[in-house]
Amino acid sequence: EAGVTQSPTHLIKTRGQQATLRCSPISGHTSVYWYQQALGLGLQFLLWYDEGEERNRGNFPPRFSGRQFPNYSSELNVNALELEDSALYLCASSLEGWSDTQYFGPGTRLTVL
Amino acid sequence: AQTVTQSQPEMSVQEAETVTLSCTYDTSENNYYLFWYKQPPSRQMILVIRQEAYKQQNATENRFSVNFQKAAKSFSLKISDSQLGDTAMYFCAFMNRRYGGSQGNLIFGKGTKLSVKP
């Protein structure tokens with residue numbers, strides 16, 4: 001069974017640009033979660049999508065947004081990039097929604113210059 | 001608000017020996033999960049073990065076991081017969097399972113960097 005996949009592996013952008021990160025959940029999983037792992041800040045919850053809807057978001061500004069597609073894959077968009085957005089972005093999926101175990105993908109390393 | 005604390009930023013252990021990683025958490029909830037994840041240098045976050053708060057029995061997965069002390073809000077991970085492949089960052093995480101609470105998000109500790117030496 002394939003795990004959670006993310007693309008691209010690495011992404012380099014300049015300040016002010018937009019970044020789009022993609023995630024495909026484990027087959028059969030309907031919930032997708034996004035986390036930011038920035039140096040010195042640890043792992044912080046960004047967004048949770050389930051059945052195509054945003055269900056919860058962490059303490060991040062609105063320029064962090066995303067969506068979930070009918071096939072349950074998801075993308076995370078970061079607008080007006082700032083230097084401090086440089087981080088590893090991890091996607092996770094779960095089978096039964098918010099109360100179930102989350103399985104993670106390999107992450108996308110975003111570097112903002 | 002829930003918090004998770006890992007007080008050991010770094011630890012090392014000799015191959016084949018046993019090591020215990022500490023984690024404490026703070027919550028007023030009764031229904032929750034606790035997890036240990038490992039993140040090797042490849043950066044893939046891998047689930048190690050899960051503990052359900054309402055279960056008194058400590059979870060085990062092969063060489064990995066936990067000591068769950070609910071009253072003390074302590075959740076330590078024991079790795080037996082340590083292997084070189086166990087070298088990684090280990091994160092303790094909390095998930096609230098009460099409907100209506102903060103949903104969907106894992107709350108992570110800062111991590112413990114474990115080095116297994118040959």
(request) Keeping to segment B:12-36, report how many residues are under 14 Å from the mean Cα position of the chain (by Cα), part of a strand (DSSP E or B) and over 22 Å from B:ARG98 (Cα atoms). (result) 3
(message) For a quick check of your reading of the model, give me the residue pairs whose first member lies in segment A:100-112 and is more than 7 Å from every other protein chain (Cβ to nearest Cβ) and touching a residue at least 12 places away in the same chain (Cβ under 8 Å), whose second is surrounded by fewer than 23 Cβ atoms within 10 Å (Cβ to Cβ) and among the acidic types (Asp, Glu), with beta-carbon atoms closer than 6 Å and at least 6 apart or on different chains.
(response) A:VAL112/A:ASP85
(message) Consider segment B:57-85. How many of its residues are surrounded by 15 or more Cβ atoms within 10 Å (Cβ to Cβ), free of Cβ contacts under 8 Å to residues at least 24 places away in the same chain and in a loop (DSSP other than H, G, I, E, B)?
(response) 3
(message) For segment A:3-34, give me the residue count where each residue is more than 21 Å from B:MET95 (Cα to Cα), surrounded by 19 or more Cβ atoms within 10 Å (Cβ to Cβ) and either within 11 Å of another protein chain (Cβ to nearest Cβ) or acidic (Asp, Glu) (or both).
(response) 1
(message) I'm told A:SER73 meets every condition in (1) under 20 Å from B:PHE94 (Cα atoms); (2) open to solvent by 10 Å² or more (accessible area, probe 1.4 Å); (3) touching a Cys at 6+ places or on another chain (Cβ under 7 Å) except one. Can you identify the failing condition by its number?
(response) (1)
(request) Within segment A:1-35, count every residue that is part of a strand (DSSP E or B) and farther than 17 Å from B:ILE46 by Cα. (result) 10
(message) Given the criterion hydroxyl-bearing (Ser, Thr, Tyr), touching a Ser or Thr at 6+ places or on another chain (Cβ under 8 Å) and farther than 14 Å from A:THR30 by Cβ, identify the matching residue among A:SER86, A:SER94, A:SER65.
(response) A:SER86
(request) Give segment A:76-102 a look and list any residue that's open to solvent by 10 Å² or more (accessible area, probe 1.4 Å) and either within 11 Å of the chain's Cα centre (by Cα) or more than 18 Å from A:VAL112 (Cβ to Cβ) (or both), or say none. (result) A:ASN77, A:LEU95, A:GLU96, A:TRP98, A:SER99, A:ASP100
(message) Considering only residues that are of a type in the set (D, E, K, R) and touching an Asp or Glu at 6+ places or on another chain (Cβ under 6 Å), which ones fall in segment A:1-49?
(response) A:ARG22
(message) As an exercise: evaluate A:SER94 against (1) under 21 Å from B:ARG43 (Cβ atoms); (2) out of contact with any Asp or Glu (no Cβ under 6 Å at 6 or more places or on another chain) and give the number of the one condition it does not meet.
(response) (2)
(request) Using the structure shown, decide if B:ALA53 is over 22 Å from A:GLY3 (Cβ atoms), open to solvent by less than 50 Å² (accessible area, probe 1.4 Å) and either modelled with pLDDT under 95 or within 14 Å of chain A (Cβ to nearest Cβ) (or both). (result) yes
(request) Considering only residues that are open to solvent by 10 Å² or more (accessible area, probe 1.4 Å) and at pLDDT 95 or above, look in segment B:86-106 and name the one that is farthest from the other protein chains (Cβ to nearest Cβ). (result) B:THR87
(message) With the structure loaded, tell me whether A:ARG57 is free of Cβ contacts under 8 Å to residues at least 24 places away in the same chain and within 13 Å of chain B (Cβ to nearest Cβ) or whether it fails that test.
(response) yes
(message) If I filter segment B:29-45 down to residues being within 18 Å of A:GLY107 (Cβ to Cβ) and in contact (Cβ under 8 Å) with a residue 24 or more places away in the chain, which single residue comes out as most open to solvent (accessible area, probe 1.4 Å)?
(response) B:PRO41
(request) Could you check A:GLN37 against (1) out of contact with any Gly (no Cβ under 6 Å at 6 or more places or on another chain); (2) more than 14 Å from chain B (Cβ to nearest Cβ) and say which number it fails? (result) (2)
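The values are calculated or read from the model by the stated rules, or taken from the named source; none is laboratory data. Worth saying up front: this structure is predicted, and the values here are computed from it rather than measured. For neighbour counting, all protein chains shown are included, and Cβ atoms are generated from backbone atoms with ideal geometry for every residue, glycine included. Surface accessibility is based on the protein's heavy atoms, side chains included, excluding ligands, DNA and RNA. Shrake-Rupley method; radii C 1.70, N 1.55, O 1.52, S 1.80 Å.
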